[in-house]
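The values are calculated or read from the model by the stated rules, or taken from the named source; none is laboratory data. Model, not experiment: these values are computed from the prediction. Please note: Cβ atoms are built from the backbone with ideal geometry, for glycine as well, and neighbour counts cover all protein chains shown. For the accessible areas, the whole protein counts, side chains as well, though only heavy atoms, and no ligand, DNA or RNA atoms are used. Shrake-Rupley method; radii C 1.70, N 1.55, O 1.52, S 1.80 Å.
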Amino acid sequence: MGLDIIIFIGAILFGIFVYWTESKSNGLYRFFNKLFNSKDLQMKPTDKKGFIFKQEFLPRLVYLAVAFLVIGLIIQFLTPIEIFSNYYGVSAFASAIFGTLIGTYIANFVLKSGEVIEEQSDSIEDVVKEGINKGKEFIEDLKNKDSKVVQEAKKEIKEESKAPEKSARERLKDKGLM
């Protein structure tokens, strides 16, 4: 179980690396696109789509599974390591695929949040500065309150206090209801 966890964490880091490199340059995807598609169907030069970058879940999963399957078959037949002959090899294979898939989504989240922060950084700064200024003004207002206003309010409160009224029971007795 320990080796599976190590493979899974390594695959997450590998997925982050693959996503990041493909977001910078998608040359391999462009090569296969030119190879398999006619001139009319080829992707535009401004298109950033790749095997993993800007793909939906299912194509991304299929591309990763096929890539790992090819790598696994090469390792199975060219080396004495037998990946697909026991449970541990298949478990490590599945951990590598899903770890890489999770790593691509983590990288997607990090890159998208970085873009959003860059786009919104000016407006966030303005909002924070405005909030700080309003807070300073509010604190100054609390400190500089007119003592006259406070004293007048206290006088009004004292003047408004009335003579003690009759209780509800006494009023009902006066009306003859009790």
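Observations on the model:
- All other residues whose Cβ lies under 14 angstrom from that of TYR105 are scored, Lys and Arg at +1 and Asp and Glu at -1, for a net of +1.
- Helix screen, the chain: DSSP H segments with Cα axial length of 15 Å or more and mean Kyte-Doolittle hydropathy at least 1.6 are 57-78.
- Rounded to the nearest 20 debye, the dipole magnitude of region 16-133 is 640 debye, with +1 charges on Lys and Arg beta carbons, -1 on Asp and Glu beta carbons, and the Cα centre as origin.
- Heavy-atom accessible surface of region 91-141: percent carbon and sulfur, 1.4 Å: 63 percent
- Share of carbon and sulfur in the accessible heavy-atom surface of region 5-81 [1.4 Å probe, %]: 74 percent
- Using R0 = 25 Å, the C-beta based FRET efficiency linking ILE117 and LYS24 works out to 0.85.
- Taking a sphere under 14 Å around the Cβ of SER25 and counting the other residues whose Cβ falls inside, with K and R at +1 and D and E at -1, yields a net charge of +3.
- ILE9 paired with TYR105, simple spin-label distance in nm, labels 7 Å along Cα-to-beta-carbon: 2.1 nm
- Reach of LYS155 by Cα under 19 Å, taken over lysines that are not fewer than 8 positions away in the same chain: LYS145
- Restricting region 1-89 to GluC sites (Glu not before Pro) that sit in a DSSP loop and have at most 12 other Cβ atoms within 10 Å of their own Cβ leaves GLU56, GLU82.
- LYS155 paired with LEU78, simple spin-label distance in nm, labels 7 Å along Cα-to-beta-carbon: 9.7 nm
- Solution diffusion estimate, µm²/s, Stokes-Einstein, the chain, Kirkwood Rh from C-alpha pairs, 37 °C, viscosity 0.692 mPa s: 140 µm²/s
- Rounded to the nearest 500, the 222 nm mean residue ellipticity of the chain from helices alone is -26500 deg cm²/dmol, with -39,500 (n - 2.57) taken per DSSP H run of at least 4 residues.
- In terms of overall dimensions, the C-alpha atoms belonging to region 48-149 reach 92, 31, 21 Å along their principal axes, ordered largest to smallest.
- Most fluctuating residue given options THR79, THR21, THR100, as computed from a GNM of the chain linking Cα atoms under 10 Å: THR79
- A 1.4 Å probe run over the chain, with the rest of the protein chains in place, finds 81 Å² accessible per residue.
- DSSP loop trypsin sites (Lys or Arg not before Pro) with at most 12 other Cβ within 10 Å excluded, longest remaining stretch of the chain: 40-144
- Spin-label model, LYS49 to ASP126: label points 7 Å out along the Cα-to-beta-carbon direction sit 3.6 nm apart.
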